[in-house]
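Here's the structure, in structure tokens; my notes come after.
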Amino acid sequence: MQHGFLDRYANLDSPLHRADARAKIVGFLSLIIVCVSTPSRYWQPFAAYFLLLLALLAISRVPILYVMKRMAVVLPFILMVAIFIPFFKRGGGSYNLGPLTLSGGGLMVLWNVSAKSLISVFSVILLSSTTSFPELLKGLERLKVPKLLIALLSFTYRYVFVLVDEVQRMRRARDSRGWKGRWLWEGKVIGHMIATLFLRSYERGERVYGAMLARGYDGRIRTLEITTFGIYDFALAFLLVAIPLTIRLFTG
Amino acid sequence: MHIPDGFLNAGVSVATGVVAVGGGAVALKKARDELDDKSVPMLALCAAFIFAAQMLNFPIAGGTSGHFLGAALAAILLGPYLGSLVLMVVLIIQALLFADGGLTALGANIFNMAIVGVYGAYVIYYLLKKALPRGRTWFLSSTAISAWFSIVLAALVCALELAISGTSPAGTVIPAMVGIHALIGIVEALITVVVAGVVMAARPDLIRTYQPAGNLTVREVA
């Protein structure tokens, strides 16, 4: 059982962890929307968003190294854009870097996407590592996301752990039999693994459904709900909406 | 292919977001009609399956690797609506839990993979099924072709979105993305065919879009 990479720090205790999921969802989502819509001419607003997130990170006591490692998910996309920079012909002058000519317009685009994607990813990681997924889903349900979708998401989340375990066991078995994974035809092994995984998953689904029926499942999931949206949650949501918006409006 | 936040402009984000919400509503309605609310566990296990299968990296050439997308497989095993719904669930979990794909780009990612990828694959599969005779070989060939197209079509719309947003120049990003994914698509096709072949041998009743020749009855699953 090794899947600590899934919402690993969501069960710490801090003011941010204790806040209502709705406040955090609305707050972080609006921070992302404001950040993405900020014109990239200035660097100051992005620095300010970043500082705001750092302050929240400090409050949440989630390790900064963990967040930085997770932020690497956006790197492939940033690199992809960086590769295209020499091809941009949108003014802004050009710079020479050895044999390459970098266009100013391209560098602006690179700055734009890097700043925005890194800050947004930071926000999502902070959201998911201060809110456990079941709580996040409860928050989304309160925010009127269709119930069927919520039920699907929560069941999927429940079984992701089981199947990831299954995949890790299969991978271990494969590697201990000397699989190298260097050539195209070795992909066939992956195909067999995925097929086995599908059959096992589906049959598990049938068994789970049968077991649920036996326990009186009728399509509805009943949970004990004790959530309150207090003044503190309201303040958090307000600050997360108001601070970025103010920064954004002042730098226009 | 999971686009992060900040790579798309407002127009593209909103337009793809609207299409994604519409697609989600249609898929949820179809799921209720086809399966009723009670079959949530089965669909969820299919979503968890796609999620786990995407963790298996496969070799492309030399040292580089890609991973399985599963859009065509989901379309063929579950049909287009449920397949699309399952892919959406996977993308939402990846965006919320892993920050893999941005929240403001979630609509675009759903559009590319769960709508264009799944329905594109299904349309091609369906047309081939009409055109070709029945039988295992033909079924597997149309599976391979639709799997390749699901990847290439998804990459094409992804490149178009990046180009329209002004993030990458159209003249270079489209050939680059489509070229790379034409290669990745071959592996996707290979894996999808192997999976479809094994499922067909073990549990042919689980392939919702295919009825084998002869009078084999399809077992209704709870």
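The values are calculated or read from the model by the stated rules, or taken from the named source; none is laboratory data. Everything numeric in this text was worked out from a predicted model, so none of it was measured. Note: ideal-geometry Cβ built from the backbone for every residue, glycine included; neighbour counts use all protein chains shown. Heads up: the accessible areas ignore ligands, DNA and RNA and are worked out on the full protein's heavy atoms, side chains in. Shrake-Rupley method; radii C 1.70, N 1.55, O 1.52, S 1.80 Å.
Computed about the Cα centre, the dipole magnitude for the protein assembly as shown is approximately 480 debye when only Lys and Arg (+1) and Asp and Glu (-1) carry charge, each at its Cβ. In segment A:22-44, the residues whose accessible area drops by at least 20 square angstrom when the other protein chains are added to the isolated chain are A:LEU29, A:ILE32, A:VAL36; the probe is 1.4 Å and only protein heavy atoms count. For the residues of A:242-251, the average number of beta carbons from a partner chain within 10 Å of their own beta carbon is 0.
Taking B:VAL193, B:VAL14, B:VAL90 as the candidate residues, the one with maximal mean-square fluctuation in a Gaussian network model of chain B, Cα springs under 10 Å, is B:VAL14. Ordering A:GLY205, A:VAL74, A:LEU56 by the projection of their Cα atoms onto the charge dipole of the protein assembly as shown, which places +1 on the Cβ of Lys and Arg and -1 on the Cβ of Asp and Glu, puts A:GLY205 at the extreme positive end. Shape class of chain A from the Cα gyration tensor (axes a ≥ b ≥ c, square roots of the eigenvalues): oblate, since a/c reaches 1.5 or more and a/b does not exceed b/c. Association of chains A and B removes close to 6500 square angstrom of accessible area from solvent, both sides included, for a probe radius of 1.4 Å. Quick one: pull the percent of accessible area on chain B belonging to carbon and sulfur, 1.4 Å probe, ligands and nucleic acids left out. Percent of accessible area from carbon and sulfur atoms in chain B: 68. Among the listed pairs A:LYS24/A:LYS69; A:LYS188/B:LYS130; B:LYS29/B:LYS129; A:LYS144/B:LYS29; A:LYS147/B:LYS29, those whose Cα-Cα separation exceeds 20 Å are A:LYS24/A:LYS69; A:LYS188/B:LYS130; B:LYS29/B:LYS129. What residue among B:SER146, B:SER13, B:SER84 shows peak mean-square fluctuation when chain B is described by a Gaussian network model with Cα springs under 10 Å? Looking only at B:SER146, B:SER13, B:SER84, the largest GNM fluctuation is found for B:SER13. Between rounded, prolate and oblate, where does segment A:96-228 land on the alpha carbon gyration tensor, with a ≥ b ≥ c its root eigenvalues, rounded for a/c under 1.5, else prolate if a/b exceeds b/c? Oblate is the answer for segment A:96-228, as a/c is 1.5 or above yet b/c matches or exceeds a/b.
Across B:GLY11, B:GLY171, B:GLY22, mean-square fluctuation computed from a Gaussian network of chain B (C-alpha pairs under 10 Å connected) peaks at B:GLY171. Using the Cα gyration tensor of the protein assembly as shown, with a ≥ b ≥ c the square roots of its eigenvalues, what is the shape: rounded (a/c below 1.5), prolate (a/b larger than b/c) or oblate (neither)? Since a/c reaches 1.5 but b/c is at least a/b, the shape of the protein assembly as shown is classed as oblate. For A:ARG207, the solvent-accessible surface computed with a 1.4 Å probe is close to 140 Å², ligands and nucleic acids excluded. Rolling a 1.4 Å probe over the protein heavy atoms gives segment A:145-214 an accessible area of 49 Å² per residue. Accessible surface for segment B:10-202, divided over its residues, is 32 Å² per residue with a 1.4 Å probe.
The dipole here belongs to chain A: it is taken about the Cα centre, uses +1 on the Cβ of Lys and Arg and -1 on the Cβ of Asp and Glu, and is about 520 debye.
When the protein assembly as shown is described by a simple charge dipole with +1 on each Lys and Arg Cβ and -1 on each Asp and Glu Cβ, the residue from A:PHE161, A:LEU31, B:GLY171 located farthest towards its positive end is A:PHE161.
With a 1.4 Å probe and every protein chain kept in, tell me what percent of the accessible surface of segment A:111-237 is carbon plus sulfur.
Carbon with sulfur: 60 percent of the solvent-accessible area.
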